[in-house]
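Since the structure comes first, as structure tokens, the remarks are kept for the end.
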């Protein structure tokens, strides 16, 4: 038997006994395991709050048409009204609050872990998916001041919002917090409905948390994913993650602001990719540390300028593209990114090159303790 399913069966038995003995006052019954349960972790206590309601309506629309296919769709919603609640969306009942929490900072690894445990205990499944919804900033360290101010200020610009993960009011969740809150090897996929999360730093940190990541190296428009279109794909008996990516991409090609990028990332391939990049860094150290940043495709706008560069474009500026090292890198990159798609631009940034993963290029002699302590940085520098 698959070891993942053995773990799930054990957890199901444990939580069944635990809930029977200690949670009889709660008005719920532990469900029998279904094929798939998906949790949407929705941090909407910020300037994306109006989009939260719209996205939930799209989920309800899909569910009403039978798109859940016997699976469970669970939403954890922390909104501007002070609500922190777990919601079940079904075909028959629509929107059902199954648990209310005290007001809390949901951009927190302890809260994330608690919500995941609640979801798993109440709605066990053979297969799990996790969707992160909200603001964020890729690998960058969270801040409560200027970055959040800039994100909120975009409401006044006249342009549609984008969503960069983890803002609950003035609180941010850093990548290490995110990693701490997610159990190892439990999720078949994690989808980031937020900006800048298809970075090698983020993907590498999460490589033991999920088999696949779906994310964008650019920003994501405020409307987020078209849930009425992707939910039927998520709950099909034979899950094809590329179809979720395709639906997202094609939806935005038909919008007034036709901007999108999407990557499907295979976690199992990332350790091999790290080994190749470490070899390149050691062989071509001077060019790796002192590249011509101005000639490399970058994806960051506004306060995120020069924080997210195209990984393949960076490496091809360091290594001759006819070298064995580059060929090895290119092969590993293809294994790590089985699907990628993107529009010609994202607002004023022309997307001339997009391999599916971004990377940060530190400035010469830059001292950045936060970046240096990321798992990716340690993997290629030590």
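Things to note:
- Any hit, the stretch 79-98, residues being modelled with pLDDT under 85 and under 15 Å from residue 133 (Cα atoms): no
- Any hit, the stretch 304-315, residues being surrounded by 16 or more Cβ atoms within 10 Å (Cβ to Cβ), in a loop (DSSP other than H, G, I, E, B) and in contact with a strand residue (DSSP E or B) (Cβ under 7 Å, 6 or more places away or on another chain): yes
- The set of residues from the stretch 355-382 being under 18 Å from the mean Cα position of the chain (by Cα) and not in a helix (DSSP H, G or I) comprises 355, 356, 357, 358, 359, 360, 374.
- When the residues of the stretch 43-55 are filtered to those that are in contact with a helix residue (DSSP H, G or I) (Cβ under 6 Å, 6 or more places away or on another chain) and more than 26 Å from residue 237 (Cβ to Cβ), the one that is surrounded by the fewest Cβ atoms within 10 Å (Cβ to Cβ) is 47.
Matching residues to (1) modelled with pLDDT under 95; (2) in the same structural domain as residue 142 (by TED's automatic domain parsing); (3) closer than 28 Å to residue 176 by Cα:
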site	(1), (2), (3)
282	no, no, yes
292	yes, no, no
299	no, no, yes
324	no, no, no
352	no, no, no
359	no, no, yes
363	yes, no, yes
371	yes, no, yes
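- Selection within the stretch 265-293 - under 17 Å from the mean Cα position of the chain (by Cα), surrounded by 14 or more Cβ atoms within 10 Å (Cβ to Cβ) and outside any strand (DSSP E or B): 267, 270
- Total residues in the stretch 223-241 satisfying the condition of being part of a helix (DSSP H, G or I) and either touching a helix residue (DSSP H, G or I) at 6+ places or on another chain (Cβ under 6 Å) or more than 19 Å from residue 37 (Cα to Cα) (or both): the figure is 6.
- Lone unmet requirement of (1) modelled with pLDDT of 95 or more; (2) surrounded by fewer than 24 Cβ atoms within 10 Å (Cβ to Cβ); (3) assigned to a loop (DSSP other than H, G, I, E, B) for residue 189: (3)
- Against the test of being touching a helix residue (DSSP H, G or I) at 6+ places or on another chain (Cβ under 7 Å), surrounded by fewer than 22 Cβ atoms within 10 Å (Cβ to Cβ) and in a strand (DSSP E or B), the options 73, 58, 86 yield a single qualifying residue, 86.
- Search result, residues across the stretch 61-70 that are touching a strand residue (DSSP E or B) at 6+ places or on another chain (Cβ under 9 Å) and either assigned to a helix (DSSP H, G or I) or within 18 Å of residue 178 (Cα to Cα) (or both): 62, 63, 64
- The single condition among (1) at pLDDT below 60; (2) out of contact with any strand residue (DSSP E or B) (no Cβ under 9 Å at 6 or more places or on another chain); (3) in a loop (DSSP other than H, G, I, E, B) that residue 183 does not satisfy is (1).
- Qualifying residue in the stretch 204-222 (condition: closer than 17 Å to residue 359 by Cα, more than 11 Å from the chain's Cα centre (by Cα) and part of a helix (DSSP H, G or I)): yes
- Here the condition is being assigned to a loop (DSSP other than H, G, I, E, B) and surrounded by 19 or more Cβ atoms within 10 Å (Cβ to Cβ); of 129, 136, it holds for 136 alone.
- Among the residues of the stretch 242-264, some residue qualifies, meaning at least one is in a loop (DSSP other than H, G, I, E, B), modelled with pLDDT of 95 or more and crowded, with 21+ Cβ neighbours inside 10 Å.
- Considering only residues in the stretch 61-70 that are buried (at least 21 other Cβ atoms within 10 Å of the Cβ) and out of contact with any helix residue (DSSP H, G or I) (no Cβ under 6 Å at 6 or more places or on another chain), the one that is farthest from residue 233 (Cα to Cα) turns out to be 63.
The values are calculated or read from the model by the stated rules, or taken from the named source; none is laboratory data. What you see is a predicted model, and the numbers here were worked out from it, not measured in a lab. Note: ideal-geometry Cβ built from the backbone for every residue, glycine included; neighbour counts use all protein chains shown.
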